[in-house]
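Below: the structure, in structure tokens.
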Amino acid sequence: MTEQSPVTQTNAARVAQSPDGQVVTAVRHYTDSLFSFRITRPASLRFRSGEFVMIGLMGDNGKPLMRAYSIASPNWDEELEFYSIKVADGPLTSKLQHIQEGDHVILRPKPVGTLVHDALIPGKRLWLFSTGTGFAPFASLLRDPETFEKFEQVIVTHTCRDVAELTYGRELVESVKTDEMLRELIGEENLDKLVYYPTTTREESPKMGRITHLIENGELFSDLGVPALDPETDRAMVCGSLAFNLDIKALLEKAGLREGANSDPAEFVIEKAFVG
Ligand code: A2P
């Protein structure tokens with residue numbers, strides 16, 4: 001054969017040539033099971049902070065292998081950021097964890113999702129409840145000035161098994177408070193609205209326990225000096241494992257909050273943190 005046939009091209013070459021191919025601009029590993037990466041953003045891609053898109057690589061069979069990923073960057077960012085787990089035998093993340101700057105990934109530029117301001121009715125206090133990589137959509141929302149314009153207080157909780165798993169979220173919150181550009185964008189007068197409440201469930205840390213337990217026993221509210229959940233004032237976004245989402249949903253409904261959607265905004269919204 002004098003010419004390389006398309007089926008013998010490398011995966012990388014095929015992704016690079018795909019109309020949805022985007023270039024990896026940065027990768028950072030946090031633990032054996034967590035990493036974040038940034039890619040180029042198609043000029044035509046518009047999204048609302050908190051939404052997700054499909055990201056993937058070319059599978060061994062030559063077909064794209066795609067998974068849903070929350071966009072962790074805010075809608076004004078010129079690149080797209082994602083925060084991912086690494087699963088040793090996960091069809092996508094077993095490969096995706098090895099990407100490096102300059103590699104290509106596939107992005108389907110059709111953002112969707114319910115963790116958006118449009119799905120909540122106005123309120124005073126916004127709770128962002130997350131576990132693990134469920135922090136990703138909140139990394140987007142916390143860098144969006146709209147989040148702080150709409151609420152008097154924004155409380156983000158992040159629960160992980162170990163301390164190192166909190167790093168991405170902790171640094172993100174720190175950057176909102178200390179990065180000159182983010183401070184200016186969000187507004188100095190808004191920075192005190194942001195409250196960060198990290199907890200671990202396995203490794204020793206200053207605050208331990210599942211957030212669900214800390215809601216039930218009232219410690220979350222006494223620690224922060226805020227009243228218990230109230231449908232008049234409180235709004236919530238939830239992102240974690242399915243079991244976590246169901247448990248939080250039950251607690252929010254017990255407090256009188258109703259689940260909202262884009263077409264029917266209410267007091268809280270939920271999305272599963274996606275794995276693969
Ligand atoms: P725990 O260590 O008690 O299971 P995972 O890695 O399994 O997705 O969990 C991430 C974090 O979310 C862990 O700290 C875990 O606590 C916590 N978690 C898991 N399921 C629930 C749940 N149903 N309600 C509250 N927290 C949960």
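Summary table below
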| item | result |
| --- | --- |
| Residue match in region 219-227 (condition: at pLDDT 95 or above, closer than 25 Å to residue 146 by Cα, touching a helix residue (DSSP H, G or I) at 6+ places or on another chain (Cβ under 9 Å) and in a loop (DSSP other than H, G, I, E, B)) | yes |
| Members of region 253-276 that are surrounded by 15 or more Cβ atoms within 10 Å (Cβ to Cβ) and within 9 Å of residue 231 (Cα to Cα) | 255, 257, 267 |
| Region 114-137, subset part of a helix (DSSP H, G or I) and more than 13 Å from the ligand (Cβ to nearest atom), residue most open to solvent (accessible area, probe 1.4 Å) | 118 |
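The values are calculated or read from the model by the stated rules, or taken from the named source; none is laboratory data. Given the structure is predicted, the values throughout are model-derived calculations rather than measurements. For neighbour counting, all protein chains shown are included, and Cβ atoms are generated from backbone atoms with ideal geometry for every residue, glycine included. The area values use the complete protein model at the heavy-atom level, side chains included, leaving out ligands, DNA and RNA. Shrake-Rupley method; radii C 1.70, N 1.55, O 1.52, S 1.80 Å.
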